1. Please compute the length gained on full extension between Glu14 and Gln172, using 0.36 nm multiplied by the number of residues separating them and subtracting their Cα-Cα distance.
2. Can you run phi through the Karplus equation (6.51, -1.76, 1.60; θ = phi - 60°) for the stretch 124-135 and list ³J(HN,Hα) in whole Hz, with x for Gly and Pro?
3. Per the Kirkwood treatment, what hydrodynamic radius in Å, one decimal, follows for the stretch 1-141 from the mean inverse distance over all distinct Cα pairs?
4. What's the extension gain from Arg99 to Asp298 if we count 0.36 nm per residue and subtract their Cα-Cα distance?
5. Using θ = phi - 60° and the Karplus form 6.51 cos²θ - 1.76 cosθ + 1.60, what ³J(HN,Hα) does each residue of the stretch 293-301 get, whole Hz, x for Gly and Pro?
6. Quick one: 3J(HN,Hα) in Hz for the stretch 250-256, Karplus 6.51/-1.76/1.60 with θ = phi - 60°, rounded, Gly and Pro as x.
7. Once the stretch 175-240 is represented by equal point scatterers at the alpha-carbon sites, with solvent omitted, what log10 I(q)/I(0) does the Debye formula produce at q = 0.12 Å⁻¹?
8. 7 Å from Cα along Cα→Cβ at both Arg246 and Arg125: what's the point-to-point distance in nm?
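Computed from the coordinates by the stated procedures, all read-outs in this text should not be read as laboratory data. The structure presented is a predicted model; accordingly, all values stated were derived computationally and were not measured. Please note: Cβ atoms are built from the backbone with ideal geometry, for glycine as well, and neighbour counts cover all protein chains shown.
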Amino acid sequence: MSPSTTTPLVGAGEYYSEYYGHNPNFLRRVHASLRGGRSGSRRSCIFLAGDSSLDNKFWFDSWAAATNGYEAVLAPGRMKTDVCYWLNDELVRRGHGGRLFCLNTAVEATSLNTRACGRLTPQDRLIASAIGPDDVLVVSVGGNDIALEPLLFTALNLSLVACCTPQVCIEQCACACPPNLRVDPGCACCGLPGCLVSPCGCPPGLGYLVDLFGNRVQNYIERLLAGRRPARVVVCMIYFLDVHGRGSWADCFLKMVCYDSSPARLQAAIRALFSLATRRVAIPGVEVVPFPLFEALDGSDPRDYVQRVEPSPEGGRKMAAALLDAILDEGGGGCYRRTPAEMQR
């Protein structure tokens with residue numbers, strides 16, 4: 001499927017050279033061009049939002065022929081094989097390229113703290129201004145609030161869960177329902193608002209993490225949408241990290257949370273957070289699909305990762321195939337669905 005213009009608008013090298021996502025000016029031009037199909041019909045967009053779990057292009061130098069309209073937008077016509085590429089490739093393979101394309105508006109090395117105090121990245125603001133009723137939003141964020149730039153109280157509460165709580169307690173006794181205070185000062189208060197609601201969870205520390213991956217993610221999505229109602233919002237819980245590799249920028253963090261010695265415990269916590277936080281994200285009037293990325297990347301195959309925590313091209317391919325099942329409502333109904341009554345809450 002070709003976009004509305006056959007003139008390349010953006011140099012491929014420049015487009016993929018940006019570390020923090022893609023240049024917003026390039027994104028606007030690419031987005032405007034990809035919206036139009038060969039017949040002049042308007043295509044719907046799958047917007048990716050969040051961090052390097054979706055914006056993984058920096059971590060490898062693997063390229064492929066551009067597809068799904070990008071071949072007429074980028075010069076030369078090639079794309080890095082990131083999550084966005086694989087989603088577009090999968091759309092074409094399944095016969096949906098004529099009506100859908102994917103745009104990577106996620107940003108490497110960002111977090112919920114980056115977006116505290118009502119802030120949005122320039123790429124987020126593009127989503128807010130461009131998303132429409134036939135579009136889909138895919139969000140994966142929160143991992144860097146733990147691994148890359150944890151606040152003081154985030155580190156303390158994570159340690160309580162990941163290092164001090166028996167795995168069986170996480171698997172059989174986990175419960176949490178922290179109220180949404182809608183107060184997010186970010187680094188200014190070192191995570192204190194989360195501590196105020198942390199007692200609303202068991203084992204100790206879990207309430208804080210449920211607030212982070214549930215309430216704070218929901219508040220971010222609401223700011224992204226700014227009252228708009230897309231066709232679907234897919235909210236992701238982070239994948240399991242590589243249990244085998246060593247030599248990563250995240251090795252120190254993984255050792256501190258006992259992942260090297262007891263990966264099953266942190267994996268149990270991620271499962272609990274999916275059930276108690278991600279599944280409870282609700283946007284009035286919008287279908288929200290909670291999606292467990294850990295079912296696509298389970299930590300067992302080092303080929304799925306770069307630096308133990310970033311999706312490799314192969315990992316991105318697996319994620320894209322699973323995500324598209326959720327986006328298109330394919331895959332046998334394996335994903336959780338809300339009823340219309342729940343959607344209005």
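1. 51.9 nm
2. Result, ordered by residue: 4, 5, 5, 4, 4, 8, 10, 5, x, x, 9, 9 Hz.
3. The Cα-based Kirkwood calculation yields 14.9 Å.
4. Working it through step by step, the gained length comes to 68.5 nm.
5. So the J values, rounded to whole Hz, are 4, 5, 7, 8, 10, 9, x, 8, 10.
6. Rounded to whole hertz, the list is 9, 4, 4, 4, 5, 5, 5.
7. One equal scatterer on each Cα of the stretch 175-240 leads to -0.35.
8. Here the modelled spin labels are 4.6 nm apart.
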